[in-house]
Amino acid sequence: MSERMFGRIALIGIGLIGSSLARVIAREKLAGEVVISSRSAETLDEAAALNLGDRYEQDAAEAVKDADLVIVSVPVGASGAVARQIAPALKKGAIVTDVGSTKRSVIAQMAPELPAHVHFIAGHPLAGTEKSGPSAGFASLFEDRWCILTPQDGVDPAAIERLSAFWEACGSRTELMDPVHHDQVLALVSHVPHLIAYNIVGTADELENVTEREVIKYSASGFRDFTRLAASDPTMWRDVCLHNRDAILEMLSRFSEDLTALRKAVRRGDGEALFDLFTRTRSVRRSIIEAGQDVDVADFGRSAAGGREIGEAAK
Ligand code: NAP
């Protein structure tokens, strides 16, 4: 896709996701002009030093003026305040979207703030890493990843089509989903796995009879894979937990029940139950690889110096 899809795109928030968007928009020439906004001068300066946009505005309302597409990429807890700030300056007919990891809460926060003359379509690219800030982004982040759009009833289908085409030009596959369903699915595939990782790394941190040196020295036995998830941005994940509380609590209950059953199997020495579970879970891993959502490379981080991390979790 080499035609300019949008005259002006405004990126509100220029961290990992916003800056990855800036890079792919530039690479694919998707906009005539890219205006970047971040609340702090430090982040804005970093974005400017990286040459991520054509113009830089600390005031988000200034940045969205005359923009045809506005993408809000801030922690989900801040999306309502951002919508309130930009609302009076939005151009008639503009598409306004976001990239937040929870959808029901973002829609509840943003939709009432936005004027009826814009097309608001909430969205979530299932692509990310544990890094933050403008320097952490890269143009290929969205390649072969899903972007879920959760439009409300009555949104102009042409606007949905335009936004889908934008994400496809960024390399993603798109799907429409009900926001409540989105939040349930993401609780299972992303939010609870992150909580498990935060929990196990926290447990290790507090163990008294295993030294920190041992945890680090022997981490490649499994623990290391959790530490990448547990290094994810604290603000983002605090907000995800606060804004997808119901679905996360429901999935955590299911998880606890299954963990109790697993604990029982270990305590009873029930080898058959353990073997059955581990066989079923192994086939889930195979399906993920077959679906192109990870690659079957077990290099245990040995190639990490050479390239990008692969197989980032959906966030
Ligand atoms: P990030 O790298 O930490 O960048 C956050 C951006 O939001 C920065 O520009 C920051 O501005 C701004 N910001 C932070 N707090 C704000 C507030 N209270 N009000 C206004 N602006 C604020 O974050 P990110 O990883 O790009 O995540 C952005 C969004 O993408 C989140 O909603 C997250 O749920 C979603 N998401 C993340 C991932 C992932 O893997 N990271 C994946 C998919 C979706 P300053 O630096 O100037 O303060």
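Out of GLU168, GLU161, report the one residue that is of a type in the set (Asp, Glu), closer than 27 Å to GLY7 by Cα, more than 21 Å from the chain's Cα centre (by Cα) and modelled with pLDDT of 95 or more. First the steps, then the outcome.
Working: GLU168 fails: more than 21 Å from the chain's Cα centre (by Cα).
Step by step, each of GLU168, GLU161 is checked, and only GLU161 is of a type in the set (Asp, Glu), closer than 27 Å to GLY7 by Cα, more than 21 Å from the chain's Cα centre (by Cα) and modelled with pLDDT of 95 or more.
Just to verify a result, which residue in segment 259-273, among those that are in a helix (DSSP H, G or I) and among the charged types (D, E, K, R), is nearest to ALA187 (Cα to Cα)? Walk me through how you get there before you give the answer.
Within segment 259-273, the first condition is being in a helix (DSSP H, G or I), and the residues that meet it are 259-268, 271-273.
Going one step further and asking which of them are among the charged types (D, E, K, R), we end up with 263-264, 267-268, 272.
Details: ARG263: 23, LYS264: 25, ARG267: 29, ARG268: 31, GLU272: 30 Å.
The selected residue is ARG263.
Just to be sure, is ALA67 crowded, with 19+ Cβ neighbours inside 10 Å, in contact with an Asp or Glu (Cβ under 6 Å, 6 or more places away or on another chain) and not hydroxyl-bearing (Ser, Thr, Tyr)? Even if it seems obvious, please write down each step before you answer.
On the way: crowded, with 19+ Cβ neighbours inside 10 Å: yes; in contact with an Asp or Glu (Cβ under 6 Å, 6 or more places away or on another chain): no; not hydroxyl-bearing (Ser, Thr, Tyr): yes.
No.
Given the criteria within 17 Å of the chain's Cα centre (by Cα), farther than 30 Å from ILE121 by Cβ, surrounded by 14 or more Cβ atoms within 10 Å (Cβ to Cβ) and of a type outside the set (Val, Ile, Thr), does ALA231 qualify?
On the way: within 17 Å of the chain's Cα centre (by Cα): yes; farther than 30 Å from ILE121 by Cβ: yes; surrounded by 14 or more Cβ atoms within 10 Å (Cβ to Cβ): yes; of a type outside the set (Val, Ile, Thr): yes.
When the stated conditions are applied, ALA231 passes them.
Is at least one residue of segment 73-90 closer than 24 Å to LYS29 by Cα, within 13 Å of the ligand (Cβ to nearest atom) and either touching a residue at least 12 places away in the same chain (Cβ under 8 Å) or buried (at least 24 other Cβ atoms within 10 Å of the Cβ) (or both)? Give the steps one after another, and end with the answer.
Going residue by residue through segment 73-90, those that are closer than 24 Å to LYS29 by Cα are 73-74, 90.
From what's left, within 13 Å of the ligand (Cβ to nearest atom): 73-74.
Subsequent filtering for residues that are either touching a residue at least 12 places away in the same chain (Cβ under 8 Å) or buried (at least 24 other Cβ atoms within 10 Å of the Cβ) (or both) retains 73-74.
Yes, segment 73-90 contains a residue that is closer than 24 Å to LYS29 by Cα, within 13 Å of the ligand (Cβ to nearest atom) and either touching a residue at least 12 places away in the same chain (Cβ under 8 Å) or buried (at least 24 other Cβ atoms within 10 Å of the Cβ) (or both).
Considering only segment 220-259, state which residues are closer than 17 Å to ILE17 by Cα and not acidic (Asp, Glu). Talk me through it step by step, then tell me what you get.
Kept after step one, since they are closer than 17 Å to ILE17 by Cα, are these residues of segment 220-259: 229, 231-237, 239-240.
Passing the criteria: LEU229, ALA231, SER232, PRO234, THR235, MET236, TRP237, VAL240.
What pairs come out if I take residues in segment 233-250 that are of a type in the set (Asp, Glu) and pair them with residues that are surrounded by 13 or more Cβ atoms within 10 Å (Cβ to Cβ) whose C-beta lies under 6 Å away, six or more apart or interchain?
ASP233/SER132; ASP239/PRO75; ASP239/VAL76; ASP239/GLY77
Among the residues of segment 99-129, which ones are closer than 20 Å to TRP146 by Cα, touching a Ser or Thr at 6+ places or on another chain (Cβ under 6 Å) and more than 7 Å from the ligand (Cβ to nearest atom)?
Matches in segment 99-129: LYS103, VAL106, ILE121, ALA122, GLY123.
Quick check on segment 1-52: of everything there that is of a type in the set (S, T, N, Q) and surrounded by fewer than 24 Cβ atoms within 10 Å (Cβ to Cβ), which residue is farthest from the ligand (Cβ to nearest atom)? Give the derivation first.
Filtering segment 1-52 for residues of a type in the set (S, T, N, Q) gives 2, 19-20, 37-38, 40, 43, 51.
Those still in the list that are surrounded by fewer than 24 Cβ atoms within 10 Å (Cβ to Cβ) too: 2, 40, 43, 51.
Details: SER2: 26, SER40: 3, THR43: 3, ASN51: 16 Å.
Ranking the candidates gives SER2 first.
The values are calculated or read from the model by the stated rules, or taken from the named source; none is laboratory data. Everything numeric in this text was worked out from a predicted model, so none of it was measured. Backbone-built Cβ (ideal geometry, glycine too); neighbour counts: all protein chains shown.
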